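What follows is a set of notes on a single structure, which appears directly below.
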Amino acid sequence: MKKIFGYAVAALLAGAVFAPGLARASCASLWYERNQIYKDAGYCFKTTRAIRAFGNSGCSFDDLNDVPLSARQRAAVNDIVAQERRMGCGN
């Protein structure tokens with residue numbers, strides 16, 4: 001369920017300049033959605049919070065810049081980060 005929701009949000013964000021659902025999201029849900037994209041792409045998390053939430057089994061990339069994201073995933077991450085900044089989320 002979480003993965004399906006995450007992909008739906010990512011798809012919505014990638015295709016929209018303004019996503020009403022994103023505007024209503026909490027800092028915690030934005031953090032989760034952004035990091036779910038990275039987890040799905042094989043990122044090896046470093047923070048205790050992320051490791052507890054996602055684990056590192058099956059990860060392949062230690063450097064965030066090396067994580068192979070599609071254009072849609074990258075757009076979704078960029079939209080989420082922008083919303084986190086607007087909301088003053090302290091990641």
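The values are calculated or read from the model by the stated rules, or taken from the named source; none is laboratory data. Small disclaimer: the values here were computed from a predicted structure and weren't measured. As a convention, Cβ positions derive from the backbone with ideal geometry for all residues, glycine included, and neighbour counts pool all protein chains shown.
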Fill in the blank from the handout: Selection over the range 37-69 where residues are at pLDDT 95 or above and in a helix (DSSP H, G or I) yields a count of 12
Practice task
Would you be able to say whether some residue in the range 9-18 is surrounded by 14 or more Cβ atoms within 10 Å (Cβ to Cβ), of a type in the set (A, V, I, L, M) and modelled with pLDDT of 95 or more?
Solution key: no
Completion exercise
Counting only residues that are more than 21 Å from residue 28 (Cβ to Cβ) and surrounded by 14 or more Cβ atoms within 10 Å (Cβ to Cβ), the range 45-66 contains a total of 2
Problem - Out of 72, 34, sole residue that is part of a helix (DSSP H, G or I), of a type in the set (Lys, Arg), surrounded by fewer than 20 Cβ atoms within 10 Å (Cβ to Cβ) and modelled with pLDDT of 95 or more - result: 72
